[in-house]
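Throughout, read-outs are computed from the coordinates displayed, never taken from laboratory work. Predicted, not measured: the structure shown is a model, and the values here were computed from it. Reconstructed Cβ throughout: ideal geometry from the backbone, glycine too, with neighbour counts over all protein chains shown.
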Amino acid sequence: MYMEDYRKARQMGLKEAKRFQSRGGSPYLPVLDEILAVESTSGEVDLGLVEIPIELIVGTRSTGRSQAFSHSFLPLMDEESEFCHKWVSLCKAHMDSGITDPIKVYEYMHTFYVVEGHKRVSVLRWFGAVSIPAEVTRVLPARDGSKASIIYYEFVDFYQLTKINYLWFSGTGRFARLQAAVGKAPDEVWTDDERRKFFSFYTRFSALYGDKDTKELSTRLTVADAMLLYLEFFGYDQVKNFSQTELKDGFLQLHKAFSVKKPQGLNPLKGLLNR
């Protein structure tokens with residue numbers, strides 16, 4: 001039964017690997033050790049047991065397991081391999097009782113690299129899981145004054161207050177703006193209940209943002225970018241209770257309000273974010 005899942009996953013993985021290779025890139029998982037070999041860092045922080053978004057797990061810590069998976073953690077090993085049989089066994093375990101053992105990862109620049117649990121990530125991604133428990137070690141980049149560095153350390157400060165790790169902005173100053181948009185003081189810590197309610201809103205907004213009817217509106221903005229504009233336009237106290245239909249109507253209203261004649265390829269909402 002689950003062997004057929006492996007065959008389908010492996011077929012997709014081989015196609016993905018071939019596609020990356022044809023573009024001149026590596027067909028396998030990115031390796032954090034190779035990235036850090038050419039980057040400056042400022043130490044490590046143990047974050048303990050954290051629920052992390054599977055979509056942000058992008059690679060492996062070392063080269064040892066990199067060639068067993070494509071970029072999307074799809075399996076590449078032969079069907080007669082021990083790897084295959086373990087992958088299939090994990091499928092059965094997941095469907096019977098769920099995979100609950102935490103994996104071990106390193107976080108660097110808001111993406112995660114696996115130390116232990118590669119097959120668990122692969123299987124859970126195959127079955128559409130959204131998150132997974134993980135023991136997380138954060139690798140801090142150097143504070144070099146670059147835009148990427150500034151945004152990252154703004155994220156670190158926001159994480160200290162909220163323990164939210166699924167948001168990312170494309171510009172500086174926006175984590176602080178979000179803190180204000182939800183009615184919190186600059187250094188105010190979020191409660192567990194506030195985190196749960198915000199995640200519920202974010203999940204519903206994310207589903208809307210991926211809707212085909214709003215695809216044209218979302219060009220070049222992260223989900224968090226668009227959500228921040230939405231919250232600043234309507235107010236969090238109002239929108240957190242919106243139905244999905246009301247959320248969509250509001251998004252279309254926001255786009256209409258700030259749509260102006262503009263050079264081709266520019267997004268009026270993008271300009272508003274940088275005000």
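Tabulated data
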read-out: Kyte-Doolittle mean at least 0.0, axial Cα span of 15 Å or more - DSSP H helices of the chain; value: 147-162, 223-234
read-out: Among 40-48, 199-207, the order from most to least packed when residues are scored by Cβ within 10 Å on average; value: 199-207, 40-48
read-out: Euclidean distance between Cα centres, the stretch 64-108 to the stretch 1-46, Å; value: 13
read-out: Descending principal axes extents, the stretch 17-94, alpha-carbon based, whole Å; value: 43, 36, 21
read-out: Dipole axis of the stretch 97-158 (+1 Lys, Arg; -1 Asp, Glu on Cβ), positive-most option in PHE127, TYR108, VAL156; value: PHE127
read-out: Under 5 Å, built H, 5+ apart or other chain: amide partners of TRP168; value: ALA224
read-out: Per-peptide average of other Cβ atoms within 10 Å, ordering 143-153, 53-63 highest first; value: 53-63, 143-153
read-out: LYS8-ILE150 FRET efficiency (beta carbon distance; Förster radius 41 Å; 0.05 resolution); value: 0.45
read-out: Residue order, fewest to most beta carbons within 10 Å, for ASP33, ASP237; value: ASP237, ASP33
read-out: Gap separating the Cα centres of the stretch 164-208 and the stretch 111-140, nearest whole Å; value: 23
read-out: The chain: equivalent-ellipsoid semi-axes (sqrt of 5 x gyration tensor eigenvalues, Cα, Å); value: 34, 22, 20
read-out: Virtual spin-label span in nm between SER72 and LEU161, 7 Å along Cα→Cβ; value: 3.7
